[in-house]
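Here is the structure we will look at.
The values are calculated or read from the model by the stated rules, or taken from the named source; none is laboratory data. Note that this is a predicted model, so its numbers are computed, not measured. So basically every Cβ, Gly included, is an ideal-geometry build from the backbone, and we count neighbours across all protein chains shown.
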Amino acid sequence: MKHSRDIDEGEAKSTRKRILDAAFTAFMERGYAAASTLDIATRAKVSKRELYSHFKNKEALFAAGIAERTAAMQIPITLPEVTDLDGLAKTLVAAGVAILKGVTDDHVLAVHRLAIAESARSPDVAQTLDRFGRRQVRQAVVTLFGKAKERGLVEGDADAMADVFCSVLLSDVILRLILGVARKPSAKDMAHRARTATELSLESYAARPAARR
């Protein structure tokens, strides 16, 4: 039998999710600037007071929605017990596939389209997306390379390594999908891109044998 506290927490999560879904429906239909908190509350079947008990303002609501919808883009920032370049390569390929699955997710692409549409009227929208999307993904890759460097597997600047990896991995994938001039890459295509990004990165930054621990 569930305790009342468990029920309350479950209801709160359900209400929060309902508000987030209603907000993004409103944002996509009316635009971020035009969508009001009253409209969002009405769609979510909650009062404005209840909406504000979950979210401080519309910006916070949008940021939370971005974080939720870009969660698929996130990868673990801890490196498994990797002791050689083969293990590192497998980890990077897996990370690359996870990133590609995330950035090509329909919800993530919809958020990008919203950010582009609202860029002139509401530049904060694009900044929020960048903060919760691209920056976090890139930082995860930087962390992966940084830990690999600590273990003597690669040498060089972790930021530069991440730039090479992400540039090769992503290229113009997001732009072409947003423009509707390309199909979503298949699992095979994603694996190929991830392997290519990994191979080029390690060719450039793999530590010389004498430098490895």
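Residue-wise test of (1) outside the structural domain of residue 129 (by TED's automatic domain parsing); (2) within 18 Å of residue 129 (Cα to Cα); (3) not in a helix (DSSP H, G or I); (4) not polar (S, T, N, Q).
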{"residue": "8", "(1), (2), (3), (4)": "yes, no, no, yes"}
{"residue": "15", "(1), (2), (3), (4)": "yes, no, no, no"}
{"residue": "19", "(1), (2), (3), (4)": "yes, no, no, yes"}
{"residue": "33", "(1), (2), (3), (4)": "yes, yes, yes, yes"}
{"residue": "63", "(1), (2), (3), (4)": "yes, yes, no, yes"}
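From 212, 176, 151, 134, grab the single residue that is closer than 17 Å to residue 71 by Cα, at pLDDT below 95 and surrounded by fewer than 19 Cβ atoms within 10 Å (Cβ to Cβ).
On the way: 212 fails: closer than 17 Å to residue 71 by Cα; 176 fails: closer than 17 Å to residue 71 by Cα; 151 fails: closer than 17 Å to residue 71 by Cα.
Only one candidate qualifies: 134.
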Checklist entry - Would you call residue 91 assigned to a helix (DSSP H, G or I), at pLDDT 90 or above and either within 30 Å of residue 196 (Cβ to Cβ) or in the same structural domain as residue 127 (by TED's automatic domain parsing) (or both)? => result yes
Item to check | Conditions (1) free of Cβ contacts under 8 Å to residues at least 60 places away in the same chain; (2) of a type in the set (A, V, I, L, M); (3) crowded, with 20+ Cβ neighbours inside 10 Å; number of the one not met by residue 190 | outcome: (1)
Item to check | Among (1) within 23 Å of the chain's Cα centre (by Cα); (2) exposed (fewer than 15 other Cβ atoms within 10 Å of the Cβ); (3) in a loop (DSSP other than H, G, I, E, B) - the single one residue 81 does not satisfy | outcome: (1)
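Rundown of residues vs (1) farther than 29 Å from residue 30 by Cβ; (2) touching a residue at least 60 places away in the same chain (Cβ under 8 Å); (3) not charged (D, E, K, R), yes/no style:
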{"residue": "130", "(1), (2), (3)": "no, no, no"}
{"residue": "138", "(1), (2), (3)": "yes, no, no"}
{"residue": "145", "(1), (2), (3)": "yes, yes, yes"}
{"residue": "149", "(1), (2), (3)": "yes, no, no"}
{"residue": "158", "(1), (2), (3)": "yes, no, yes"}
{"residue": "170", "(1), (2), (3)": "yes, yes, yes"}
{"residue": "198", "(1), (2), (3)": "yes, yes, yes"}
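Please enumerate the residues belonging to segment 182-212 that are touching a helix residue (DSSP H, G or I) at 6+ places or on another chain (Cβ under 9 Å), assigned to a loop (DSSP other than H, G, I, E, B) and not small (Gly, Ala, Ser). Spell out how you get there, then give the answer.
Residues of segment 182-212 that are touching a helix residue (DSSP H, G or I) at 6+ places or on another chain (Cβ under 9 Å), as a first pass: 182-185, 187, 189-191, 193-202, 204-207, 212.
Then keep just the ones that are assigned to a loop (DSSP other than H, G, I, E, B); that gives 182-185, 207, 212.
Within segment 182-212, 183, 184, 185, 212 qualify.
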Next on the checklist: So, in segment 53-71, how many residues would count as being under 21 Å from the mean Cα position of the chain (by Cα) and surrounded by fewer than 16 Cβ atoms within 10 Å (Cβ to Cβ)?
Outcome noted: 3
Checklist entry - residue 56 versus (1) at pLDDT 90 or above; (2) under 18 Å from residue 142 (Cα atoms); (3) not in a helix (DSSP H, G or I): which is the lone unmet condition? => result (2)
Checklist entry - So which residues in segment 25-57 are closer than 23 Å to residue 119 by Cβ, without any contact (Cβ under 8 Å) to a residue 24 or more places away in the chain and among the small types (Gly, Ala, Ser)? => result 26, 34, 35, 36
